[in-house]
Amino acid sequence: MKIELHTPDGKIRHRYYSGTVRIKDIADSVQSELPYEILTARVNRHSCRLSMEIHEDCMLELLDLRSSEANMVYQASLKMLYLKAVHDVLGKDVQIVFNNSLSKGIFTIIRKNNVTPEACARIEQRMHDLSADDFPFEEQKLSREEFTAFARVHKRLDQEHLAEYAPDLREAKLFRLLDEEEISYEELVPDTSYLKLFEVRRYKNGVLLRFPHPSKPDEVPPFAEQPLLYGAFSEATRWDRIMGVNYAADLNEMIADGEINDLVLLSEALHEKKIAEIAEMIHASGKRIVLIAGPSSSGKTTFAKRLCIQLRVAGLRPLYLGTDDYFLERDETPVGPDGKKDFEGLAALDIDLFNTQMNALLSGKKVDLPRFDFPSGKKVYGERITSIADSQPVVIEGLHCLNPALTPYVPKEQKFLIYISPLTQLNIDMHNRIPTTDARMLRRIVRDARFRNLDAAATIDMWSKVKHGEDNNIFPYNGNADVFFNSSSLYELSVLKKYAQPQLEAIDDSRPEYAEAQRLLRFLQFFRTMEDDSIIPNNSILREFIGGSVIVH
């Protein structure tokens, strides 16, 4: 049997075996040559656990924490270890809810009075005790009927409800760690010995489960407060209560019962209310340079233009700009480490011109604003010669807007900073959350297919580069913002499914993007499709991605 072995160091090795071989044994044979531990694998582009056996010739890819797939496997495995430790320390009847990403970890709620820092320390120690051994994560596939029976026996109404209202959910995976049983929709590592790096920390009214970031797989990053994001998630929780939707099953039930229109209108009304509040904050502050940034597919353009409308309602006359018009001339663009022109970095912008023109506008001077012509790679002048009154704000949207290095010469007292991202509080069930990154990727897949002539494989292929740019250029600066806008709509995954599913299904296993496409399809199975999206207002942020927007053309 011949195996073409691909390792994370970029090397391709050829191995020959007689008879069956476990992937784990193959990984162990090369582990000493690799910088980080192998956590999961793909066989002929199909995701699989290290405990799987290989019986025939194949291509085998080994993945460490630097890949998004292995990172998800590590998190899912760590959650199972955490559940076991919490129940060992605080009692089997204690309920745990996994909420959202925060401070390089997952924010959890342990439904028991007075979970002290000392209790957290005991939970962490119990996790270390379990990881010091090699207790296996045993796997069992469940049919839809078996999944329903499991939910009933364990009194998990969230899972029973999901089985009832998610018609595409045909099977699930049950994992066991000693006496702990749980459904996981991700693969797990073979045993507890793979889970060496983590931290359990009491935070606000919950507990943070923290772990390494793919950029540094061998350490738990230093803790950093994120009060703005914590506040945003708290607000999202309040919105969910208003709308009566906490889990995917709640959304599915509304679609099945024909009640989705009310949810759409309520969700959009909450967005409009928040945008109006931000406009009033800007008006009250007297600040005139409004800077908006957020990761890819956050809906920045629609938000910025809707904010301009609300500023006009507040009695102001904003000027709208984008930082893309301040790119350096193409032949001046710096080159990245890969030898290609780097259009993502701050150095690709003409910072001096940008600051000079912003200050000129603030002082009432007439300014010849450039328009960057992408085909020629040059700025065009003479089309937007303008000045503004001393009360007019300038609303600017761009990748680097929260980075102080973009506006070093603009007075700080004139800058109002806004961070935007879709942070969903909607969970699949109590223990399985919806990653914000997945929601954004689905938005981008839909938009790229509908408006940029790019198929889903192309979007998935470029996503790692997009995320790398966000890690460097956006996320380090979101704490600088004065306010956060959550652009998520509770109903959107049921809408995006209609457009994204056929795109993802078109990717076959000859493509490197196949495994990620299959993961996203497994994710989409939890949601009913909202076939009729005509109720969605034509100024909705979601319209930026599915079409029909009167704001983004």
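The values are calculated or read from the model by the stated rules, or taken from the named source; none is laboratory data. Bear in mind the structure is a predicted one, so any value in this text is a computation, not a measurement. Neighbour counts are summed over all protein chains in view; Cβ atoms, including those assigned to glycine, are modelled from backbone coordinates with ideal geometry. Surface areas here come from the heavy atoms of the whole protein model, side chains and all, with no ligands, DNA or RNA. Shrake-Rupley method; radii C 1.70, N 1.55, O 1.52, S 1.80 Å.
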Heads up, the strands (runs of 3 or more DSSP E) in region 47-156 (entirely inside) with at least 1 residues that are β-branched (Val, Ile, Thr) and within 25 Å of residue 227 (Cβ to Cβ) are 95-101, 105-111
Tally of residues being under 27 Å from the mean Cα position of the chain (by Cα) and either open to solvent by 90 Å² or more (accessible area, probe 1.4 Å) or closer than 28 Å to residue 192 by Cβ (or both) across region 140-163: 5
Within region 106-136, which residues are surrounded by fewer than 18 Cβ atoms within 10 Å (Cβ to Cβ), of a type in the set (Asp, Glu) and within 17 Å of residue 84 (Cβ to Cβ)? 129, 133, 134
Quick one: is residue 213 modelled with pLDDT under 95 and surrounded by fewer than 18 Cβ atoms within 10 Å (Cβ to Cβ)? yes
List, please: which pairs have Cβ atoms under 6 Å, are six or more places apart or on different chains, and start with a residue in region 252-275 that is open to solvent by 60 Å² or more (accessible area, probe 1.4 Å) and end with one that is not in a helix (DSSP H, G or I)? 261/535
Sort out which residues of region 318-334 are aliphatic (A, V, I, L, M) and assigned to a strand (DSSP E or B), and write them in order of number. 319, 321
Can you name every residue in region 73-97 that is within 28 Å of residue 38 (Cβ to Cβ) and small (Gly, Ala, Ser)? 76, 77, 85
Would you point out the residue of region 46-66, among those that are surrounded by fewer than 21 Cβ atoms within 10 Å (Cβ to Cβ) and in contact (Cβ under 8 Å) with a residue 60 or more places away in the chain, that is farthest from residue 215 (Cα to Cα)? 51
Scanning for something part of a helix (DSSP H, G or I), within 28 Å of residue 274 (Cα to Cα) and open to solvent by less than 20 Å² (accessible area, probe 1.4 Å), does region 451-467 turn up at least one residue? no
Confirm whether residue 311 is part of a helix (DSSP H, G or I) and not hydroxyl-bearing (Ser, Thr, Tyr). yes
Within region 206-260, residues being of a type in the set (S, T, N, Q) and touching a helix residue (DSSP H, G or I) at 6+ places or on another chain (Cβ under 8 Å) number 4
A careful count of residues in region 243-287 that are touching a strand residue (DSSP E or B) at 6+ places or on another chain (Cβ under 6 Å) and under 22 Å from residue 498 (Cα atoms) gives 2
With the requirement that a residue be open to solvent by 60 Å² or more (accessible area, probe 1.4 Å) and not charged (D, E, K, R), what does region 319-339 give you? 320, 335, 337
State all residues of region 479-532 that are part of a loop (DSSP other than H, G, I, E, B) and of a type in the set (A, V, I, L, M); if no residue qualifies, say none. 481, 490, 506, 507, 530
Identify, please: which residue in region 282-308 is in contact with a Phe, Trp or Tyr (Cβ under 8 Å, 6 or more places away or on another chain) and part of a helix (DSSP H, G or I) and is, among those, most open to solvent (accessible area, probe 1.4 Å)? 305
